[in-house]
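Q: The structure follows.
The values are calculated or read from the model by the stated rules, or taken from the named source; none is laboratory data. If you're wondering where the values come from, they're calculated on a predicted model, not measured in any experiment. With ideal geometry, Cβ positions are generated from the backbone for all residues, glycine too; neighbour counts draw on all protein chains shown. Protein only, heavy atoms only, side chains kept; ligands, DNA and RNA dropped before computing areas. Shrake-Rupley method; radii C 1.70, N 1.55, O 1.52, S 1.80 Å.
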Amino acid sequence: MKALVEISKAQASELTFIKDIEVKSDLGFWTPEDYLLEIGRADSLFYVAKIGQKTAGFILARLIIYKFIDTIYKEIEIYNIAVLRKFRRRSIASKLLNGIIEIGFEENVRKIFLEVRKSNEAAQEFYKKQDFEVFGVRKNFYTNPCEDAFLMCRLIVSI
């Protein structure tokens, strides 16, 4: 029987597990304080995936709202998404990402952006399956090791 995956807002009590997932997934370094601040931000889209009582993965993004002349634009930027290795290949990352995409539709977001390591072909393929496209490169964006990032975007609502 397949275990049920539950997606919920990240809580301060889960920060140790979130930090563990970040480290084991070789993500960019965020401090526990950074994550705690995200939990308190009104524009933060910070969710965890749980299987039973075990935190299996998380996604961290922000809803960005800006005004140009008389028009309000909304975008989402994804900062981190990760699933513990033992829980991979169970559609958990897809469920986390689809939750953010759904929020994009609900909020009339124009685009969702993210960066991905140039060497991370598996992640690039995952995002392409979710209709993200590469539209640029950020030179030396990542550290440990130093590496370029592909900028990826998914169009949600056209203007």
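Q: Please enumerate the residues belonging to region 125-137 that are surrounded by 17 or more Cβ atoms within 10 Å (Cβ to Cβ) and part of a helix (DSSP H, G or I). Break it down into steps so the answer makes sense when it comes.
A: Taking region 125-137 first, the residues surrounded by 17 or more Cβ atoms within 10 Å (Cβ to Cβ) are 127, 132.
If the condition is that a residue be surrounded by 17 or more Cβ atoms within 10 Å (Cβ to Cβ) and part of a helix (DSSP H, G or I), then 127 is the only one that fits.
Q: Of the residues 107, 121, only one is touching a Leu at 6+ places or on another chain (Cβ under 7 Å), of a type in the set (Asp, Glu) and more than 22 Å from residue 56 (Cβ to Cβ); which? Please lay out each step first, then the result.
A: Working: 121 fails: touching a Leu at 6+ places or on another chain (Cβ under 7 Å).
Just one listed residue meets the conditions, 107.
Q: Going by the structure shown, is residue 104 small (Gly, Ala, Ser), open to solvent by 20 Å² or more (accessible area, probe 1.4 Å) and either within 17 Å of residue 83 (Cα to Cα) or in a helix (DSSP H, G or I) (or both)? Full working, then the answer.
A: Numbers: small (Gly, Ala, Ser): yes; open to solvent by 20 Å² or more (accessible area, probe 1.4 Å): no; either within 17 Å of residue 83 (Cα to Cα) or in a helix (DSSP H, G or I) (or both): yes.
Against the criterion (small (Gly, Ala, Ser), open to solvent by 20 Å² or more (accessible area, probe 1.4 Å) and either within 17 Å of residue 83 (Cα to Cα) or in a helix (DSSP H, G or I) (or both)), residue 104 does not qualify.
Q: Please find, among 73, 79, 35, 66, the residue that is under 27 Å from residue 146 (Cα atoms) and not in a helix (DSSP H, G or I).
A: Details: 73 fails: under 27 Å from residue 146 (Cα atoms); 35 fails: not in a helix (DSSP H, G or I); 66 fails: under 27 Å from residue 146 (Cα atoms).
Going through 73, 79, 35, 66 in turn, just one is under 27 Å from residue 146 (Cα atoms) and not in a helix (DSSP H, G or I): 79.
Q: Residues in region 95-133 that are touching a residue at least 60 places away in the same chain (Cβ under 8 Å) and either among the small types (Gly, Ala, Ser) or over 24 Å from residue 26 (Cα atoms) (or both): how many? Steps first, please.
A: Of region 95-133, the ones touching a residue at least 60 places away in the same chain (Cβ under 8 Å) are 95-96, 99.
Filter once more, keeping what is either among the small types (Gly, Ala, Ser) or over 24 Å from residue 26 (Cα atoms) (or both): 99.
Qualifying residue count for the region: 1.
Q: For region 69-101, how many residues meet the condition of being within 12 Å of the chain's Cα centre (by Cα) and either open to solvent by 50 Å² or more (accessible area, probe 1.4 Å) or at positive phi (or both)?
A: Residues flagged as within 12 Å of the chain's Cα centre (by Cα) and either open to solvent by 50 Å² or more (accessible area, probe 1.4 Å) or at positive phi (or both) within region 69-101 amount to 3.
Q: Can you name the residue in region 107-123 that is open to solvent by less than 80 Å² (accessible area, probe 1.4 Å) and charged (D, E, K, R) and, of all such residues, is nearest to residue 144 (Cα to Cα)?
A: Only one residue tops the list, namely 117.
Q: May I pose another question? Starting from residues that are out of contact with any Lys or Arg (no Cβ under 7 Å at 6 or more places or on another chain) and within 18 Å of residue 89 (Cβ to Cβ), keep the ones in region 27-51 and report whichever is modelled with the highest pLDDT.
A: Residue satisfying both the conditions and the ranking: 50.
Q: Across region 1-19, which residue is nearest to residue 45 (Cα to Cα) among those that are in contact with a Ser or Thr (Cβ under 9 Å, 6 or more places away or on another chain) and touching a residue at least 40 places away in the same chain (Cβ under 8 Å)?
A: Residue satisfying both the conditions and the ranking: 10.
Q: Out of everything in region 9-26 that is open to solvent by 50 Å² or more (accessible area, probe 1.4 Å) and in contact with a strand residue (DSSP E or B) (Cβ under 7 Å, 6 or more places away or on another chain), what residue ends up being nearest to residue 61 (Cα to Cα)? Talk me through it step by step, then tell me what you get.
A: Here is the first cut: in region 9-26, the ones open to solvent by 50 Å² or more (accessible area, probe 1.4 Å) are 9, 11-13, 16-17, 20, 23-24, 26.
Retained after the next criterion (residues that are in contact with a strand residue (DSSP E or B) (Cβ under 7 Å, 6 or more places away or on another chain)): 9, 17.
Values: 9: 12, 17: 18 Å.
Among them, the one singled out is 9.
Q: Do we find a residue being in contact with a strand residue (DSSP E or B) (Cβ under 7 Å, 6 or more places away or on another chain), open to solvent by less than 30 Å² (accessible area, probe 1.4 Å), closer than 29 Å to residue 16 by Cα and β-branched (Val, Ile, Thr) anywhere in region 150-159?
A: Looking for residues that are in contact with a strand residue (DSSP E or B) (Cβ under 7 Å, 6 or more places away or on another chain), open to solvent by less than 30 Å² (accessible area, probe 1.4 Å), closer than 29 Å to residue 16 by Cα and β-branched (Val, Ile, Thr), one finds none in region 150-159, hence no.
Q: Determine which single condition residue 71 fails, assuming it passes every other condition in (1) touching a strand residue (DSSP E or B) at 6+ places or on another chain (Cβ under 8 Å); (2) more than 29 Å from residue 16 (Cα to Cα); (3) among the polar types (S, T, N, Q).
A: (1) is the only condition that residue 71 fails.
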